[in-house]
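All remarks here apply to the structure that follows.
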């Protein structure tokens with residue numbers, strides 16, 4: 001079974017599966033005291049692990065392991081924007097936020113998303129990174145990534161998704177302009193936001209300007225894209241270009257605000273979300289202090305509450321973008337990490353949950369490592 005890789009505000013930990021997901025052993029910390037935004041294993045080469053870190057002494061960087069975490073080395077050339085002649089347009093990476101293994105046909109290739117929004121590529125398992133000019137130097141970049149604080153984690157290029165059928169076909173999600181698509185391996189980009197609301201802007205239906213919290217392809221149907229957005233849950237089935245707000249089917253007292261969405265690896269109609277309170281003050285916690293995941297098995301036509309094992313009251317959990325994931329076992333295992341340092345697991349596709357770790361620092365990311 002999969003081990004779980006945990007990134008937190010104060011370091012990284014590993015939860016080792018001690019057999020059949022019945023028992024878990026916590027190992028760590030790694031990089032104690034450093035902000036770990038993402039901690040990811042490479043499904044193509046399971047011994048290759050990468051960590052996106054913001055350190056006190058090295059600044060924003062990436063660490064690499066080629067022996068499943070036994071030893072680590074810093075990237076020789078971390079993600080960085082090109083030097084600018086005009087200081088008024090100069091950009092510096094605040095932190096690398098997302099790490100994405102490349103297409104199965106491109107061993108050693110990784111992609112990274114950063115704050116301020118930036119796209120970077122490595123061809124040597126993360127040792128050196130290059131700025132992707134197709135996005136970072138695009139003439140529309142100042143409008144796609146306007147200066148400002150953005151989300152609590154800063155303005156983000158917060159996700160990179162690659163079509164498993166075609167290495168040149170990519171999607172990115174940003175907190176400043178929504179979703180974009182590339183058909184040429186990142187050389188050019190076009191917005192993909194029709195139908196997605198941006199009710200915080202004067203024009204609530206702009207071409208770009210949406211806050212895309214998370215996107216995911218359905219593994220068995222890659223033309224289906226799920227999206228958790230600042231303004232609801234959406235789905236689009238390509239080649240359609242207009243998103244449908246499937247979150248309208250969520251219970252109105254719960255709403256359809258959240259940070260992440262997890263598709264089933266073997267069923268294109270099934271996905272899970274972890275709703276947050278998105279009322280006027282945006283507390284970003286479990287609605288009513290009653291945490292639950294919601295599952296759809298009909299592509300968003302309806303949603304079912306799954307709260308077995310979660311506290312029934314006074315549990316104000318927050319789950320960030322990278323902190324909800326699945327393994328590929330049968331039945332599927334689901335895992336979420338909360339900002340209060342708890343990790344929760346379900347070994348039966350969300351029907352029941354139990355706490356498998358507690359008292360960790362604020363959890364930023366949680367990923368299932370493929371079996372070596």
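Filtered by the rule that a residue be in a strand (DSSP E or B), in contact (Cβ under 8 Å) with a residue 24 or more places away in the chain, farther than 13 Å from residue 158 by Cα and in contact with a strand residue (DSSP E or B) (Cβ under 7 Å, 6 or more places away or on another chain), region 209-231 gives 217, 218, 224, 225, 226. Residues considered: 313, 349, 328. Of these, the only one that is over 17 Å from residue 6 (Cα atoms) and at pLDDT below 95 is 328. Somewhere in region 272-281, is a residue farther than 20 Å from residue 211 by Cα, in a loop (DSSP other than H, G, I, E, B) and either touching a residue at least 24 places away in the same chain (Cβ under 8 Å) or more than 22 Å from the chain's Cα centre (by Cα) (or both)? Within region 272-281, not a single residue is farther than 20 Å from residue 211 by Cα, in a loop (DSSP other than H, G, I, E, B) and either touching a residue at least 24 places away in the same chain (Cβ under 8 Å) or more than 22 Å from the chain's Cα centre (by Cα) (or both). Scanning region 352-372 for residues that are surrounded by fewer than 18 Cβ atoms within 10 Å (Cβ to Cβ), touching a residue at least 24 places away in the same chain (Cβ under 8 Å) and not in a strand (DSSP E or B) yields 352, 362, 370, 371, 372.
The residues of region 84-110 that are at pLDDT below 95 and not in a loop (DSSP other than H, G, I, E, B), listed by number, are 87, 88, 89. Condition test on residue 168, is it within 22 Å of the chain's Cα centre (by Cα), over 18 Å from residue 210 (Cβ atoms), surrounded by fewer than 18 Cβ atoms within 10 Å (Cβ to Cβ) and free of Cβ contacts under 8 Å to residues at least 24 places away in the same chain? Criteria met by residue 168. In this structure, does residue 33 turn out to be surrounded by fewer than 17 Cβ atoms within 10 Å (Cβ to Cβ) and assigned to a strand (DSSP E or B)? Judged against the criteria, residue 33 is not a match. Residues considered: 233, 246. Of these, the only one that is modelled with pLDDT of 95 or more, in contact with a helix residue (DSSP H, G or I) (Cβ under 8 Å, 6 or more places away or on another chain), surrounded by 22 or more Cβ atoms within 10 Å (Cβ to Cβ) and under 26 Å from residue 323 (Cα atoms) is 233. Among the strands (runs of 3 or more DSSP E) confined to region 118-185, the ones with at least 2 residues that are more than 16 Å from residue 101 (Cβ to Cβ) and touching a helix residue (DSSP H, G or I) at 6+ places or on another chain (Cβ under 9 Å) are located at 178-182.
For region 58-91, residues that are within 18 Å of residue 145 (Cα to Cα) and either touching a strand residue (DSSP E or B) at 6+ places or on another chain (Cβ under 8 Å) or surrounded by 12 or more Cβ atoms within 10 Å (Cβ to Cβ) (or both) total 5. As a summary of the residue check, residue 303 satisfies the conditions (1) more than 19 Å from residue 255 (Cβ to Cβ); (2) at pLDDT 95 or above except for the one numbered (1).
Close contacts from region 8-27, counting a first residue that is on the phi < 0 side of the Ramachandran plot and a second that is exposed (fewer than 13 other Cβ atoms within 10 Å of the Cβ) and part of a loop (DSSP other than H, G, I, E, B), with Cβ to Cβ under 6 Å and a gap of 6+ residues or different chains, come to 10/33; 25/18.
Test residue 254 against the stated conditions and say whether it is without any contact (Cβ under 8 Å) to a residue 60 or more places away in the chain, assigned to a strand (DSSP E or B), more than 16 Å from the chain's Cα centre (by Cα) and surrounded by fewer than 24 Cβ atoms within 10 Å (Cβ to Cβ). For residue 254, the condition - without any contact (Cβ under 8 Å) to a residue 60 or more places away in the chain, assigned to a strand (DSSP E or B), more than 16 Å from the chain's Cα centre (by Cα) and surrounded by fewer than 24 Cβ atoms within 10 Å (Cβ to Cβ) - is not met. For region 272-298, a tally of residues being closer than 21 Å to residue 322 by Cβ and in contact with a strand residue (DSSP E or B) (Cβ under 9 Å, 6 or more places away or on another chain) returns 13.
Pairs meeting the criteria (first residue in region 126-148 and on the phi > 0 side of the Ramachandran plot and modelled with pLDDT of 95 or more, second residue part of a loop (DSSP other than H, G, I, E, B) and surrounded by 17 or more Cβ atoms within 10 Å (Cβ to Cβ), beta carbons under 7 Å, at least 6 apart or on different chains) are 126/75. Among the residues of region 261-271, none qualifies, meaning not one is surrounded by fewer than 19 Cβ atoms within 10 Å (Cβ to Cβ), assigned to a helix (DSSP H, G or I) and either touching a strand residue (DSSP E or B) at 6+ places or on another chain (Cβ under 9 Å) or without any contact (Cβ under 8 Å) to a residue 40 or more places away in the chain (or both).
The values are calculated or read from the model by the stated rules, or taken from the named source; none is laboratory data. Keep in mind the model is a prediction, meaning the values are calculated, not measured. When we count neighbours, we look across all protein chains shown, and the Cβ atoms used for this are built from the backbone with ideal geometry, even at glycine.
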